[in-house]
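This report refers to the structure that appears directly beneath it.
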Amino acid sequence: ILGLARRYSPKELRMYLIDGKNGVEFEVYKNFPHAEVVSLKSSSELAGSILSELVSETKRRNEIFKQEGVNSFDDYRNNPMNIMPRILLLIDEFQVLFEGDEAMEASKNLHLLTAQARSAGIHLLLGSQHFGAPNMLNKDIIFTNIQLYIAMKMTMDDRLSLTMFGKEGKDLIRKCEMPGQIVINQNGGSDGFNQLGKVAFVEKKQKE
């Protein structure tokens with residue numbers, strides 16, 4: 001969040017920050033200039049409604065691109081007269097989307113967003129302590145549409161049950177023992193595309 005905010009102005013990037021836990025992680029961003037929405041202790045209904053809103057925004061943008069005779073956000077923004085920010089939806093503990101979602105609306109909207117939103121300049125970052133989610137429809141298709149994976153330290157059971165990294169990736173994840181160590185893969189978890197990295201720890205005062 002902070003890295004993106006240092007690179008892009010609030011006019012270039014709008015963030016929707018959804019906390020599916022207790023609200024602690026995103027509380028510091030309540031007055032963030034890039035934040036369109038900061039939802040703490042989010043209910044499944046609220047999180048689901050934001051997915052629906054972004055599906056509508058994807059369709060609206062695609063209609064604009066069609067009228068302008070272009071195929072994507074990048075083509076549209078090649079004209080300096082066209083002003084349109086990228087949008088990042090970041091959901092911590094994304095499983096909240098599927099709690100009580102009997103109509104499977106969240107699954108359907110998440111499927112649409114992972115398939116279509118990127119070319120409209122709308123991006124998703126789904127965070128969780130556990131991979132996958134009960135009651136999630138089209139799980140395999142949704143995760144296939146997501147190419148970038150970031151893994152941190154895991155229990156052995158979670159690591160062994162992980163399906164989106166190959167053997168090489170799982171071996172690297174096993175080496176993540178220090179705080180902040182990560183394995184990054186930008187090719188859907190395939191072996192040969194893993195990188196070891198580390199994220200910075202930022203104190204609350206520094207964030208403020």
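Quick look at the numbers
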quantity: Among Val202, Met154, His130 - extreme Cα towards positive end, dipole of the chain, charges at beta-carbon; calculated: Val202
quantity: Candidates Ile184, Ile173, Ile141: whichever shows maximal mean-square fluctuation once the chain is modelled as a Gaussian network with Cα springs under 10 Å; calculated: Ile141
quantity: The chain, helix-only ellipticity at 222 nm - DSSP H runs n ≥ 4, -39,500 (n - 2.57), divided by all residues, nearest 500; calculated: -10000 deg cm²/dmol
quantity: Relative contact order, percent, the stretch 14-74 [alpha-carbon distance under 8 Å, six or more residues apart]; calculated: 28
quantity: Percent RCO, i.e. relative contact order, over the stretch 1-149, from Cα pairs under 8 Å lying at least 6 residues apart; calculated: 26
quantity: Rounded accessible area per residue of the chain, 1.4 Å, Å²; calculated: 60
quantity: Distance in nm between pseudo-label sites at Tyr8 and Ile64 (7 Å out along the Cβ direction from Cα); calculated: 1.4
quantity: Most mobile listed residue (Thr58, Thr144, Thr114) in the chain, GNM with C-alpha springs under 10 Å; calculated: Thr144
quantity: Label point distance in nm, Ile141-Asn71, each placed 7 Å from Cα along Cα→Cβ; calculated: 2.3
quantity: Gaussian network model of the chain, springs between alpha carbon atoms under 10 Å - residue of Pro33, Pro134, Pro85 with greatest fluctuation; calculated: Pro134
quantity: Unsatisfied cross-links (Cα-Cα over 25 Å) in the set Lys21/Lys170; Lys30/Lys205; Lys108/Lys170; Lys30/Lys175; Lys167/Lys204; Lys59/Lys108; calculated: Lys21/Lys170; Lys108/Lys170; Lys30/Lys175; Lys167/Lys204
quantity: Whole-percent carbon and sulfur share, accessible surface of the chain, 1.4 Å; calculated: 51
quantity: Eligible aspartates and glutamates near Lys11 by straight Cα distance, threshold 15 Å, same-chain separation 8 or greater; calculated: Glu36
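The values are calculated or read from the model by the stated rules, or taken from the named source; none is laboratory data. Keep in mind that what you see is a predicted model, and the values were worked out from it rather than measured. All Cβ positions, glycine included, derive from the backbone under ideal geometry; neighbour counts span all protein chains shown. Areas reflect the complete protein model, heavy atoms only, side chains present, ligands, DNA and RNA absent. Shrake-Rupley method; radii C 1.70, N 1.55, O 1.52, S 1.80 Å.
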